[in-house]
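Here is the structure we will look at, set down as structure tokens.
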Amino acid sequence: MTDAINMIPQLLTALGALAALTSIITELTKNLGFLSRIPTDAQVIVTSLLLAAAAACAWAEATDTACTWYLAAATITLGLLAAFVAMYGWATFFDLLQRFDPARGGDERD
């Protein structure tokens, strides 16, 4: 459990880097070819998931970690969170976290 807690700063750094790269790549490519005909939100989600998969593969290779089902699940989760941050911003992300944290004044029944 302490290993997971110690990884939180690394995960937040990865989330920020993925969100920034997703935003940059989407802005640069959203008006090119067939990408101009699909919704930008769909492009953000696909780009974010592909970047998260690439980052997870690179991390697993660098740390000699086996690719397991929970690494794949964490990769998809991180990719979707990065897409959310890229689309709506950090303020909305932290507001959502606070809403579901009763210790910070949120109420999960809202």
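The values are calculated or read from the model by the stated rules, or taken from the named source; none is laboratory data. In this text the structure is predicted, and so the values were computed from the model without any measurement. No Cβ is skipped: glycine too gets one built from the backbone with ideal geometry, and neighbour counts run over all protein chains shown.
Before moving on, here are some points about what is shown:
- Verdict on L11 being within 21 Å of W59 (Cα to Cα), of a type in the set (A, V, I, L, M), free of Cβ contacts under 8 Å to residues at least 60 places away in the same chain and in contact with a helix residue (DSSP H, G or I) (Cβ under 8 Å, 6 or more places away or on another chain): no
- Filtered residue count, the stretch 70-92, keeping only those that are at pLDDT 90 or above and exposed (fewer than 11 other Cβ atoms within 10 Å of the Cβ): 1
- Helices (runs of 4 or more DSSP H) (entirely within the stretch 1-103) containing at least 2 residues that are touching a Phe, Trp or Tyr at 6+ places or on another chain (Cβ under 7 Å): 69-88
- Conditions (1) of a type in the set (A, V, I, L, M); (2) surrounded by 13 or more Cβ atoms within 10 Å (Cβ to Cβ); (3) closer than 16 Å to A74 by Cβ; (4) without any contact (Cβ under 8 Å) to a residue 12 or more places away in the chain; number of the one not met by A52: (4)
- When D95, D64 are checked against the criterion of being under 26 Å from A4 (Cα atoms) and at pLDDT below 90, D95 stands alone in meeting it.
- If the condition is being under 20 Å from T75 (Cβ atoms) and polar (S, T, N, Q), then the stretch 17-49 contributes T22, S23, T26, Q43, T47, S48.
- Contacts under 7 angstrom Cβ, first residue in the stretch 35-49 being in contact (Cβ under 8 Å) with a residue 40 or more places away in the chain, partner surrounded by 16 or more Cβ atoms within 10 Å (Cβ to Cβ) and of a type outside the set (S, T, Y), 6 or more apart: D41/M87; V44/A83; V44/A86; V44/M87
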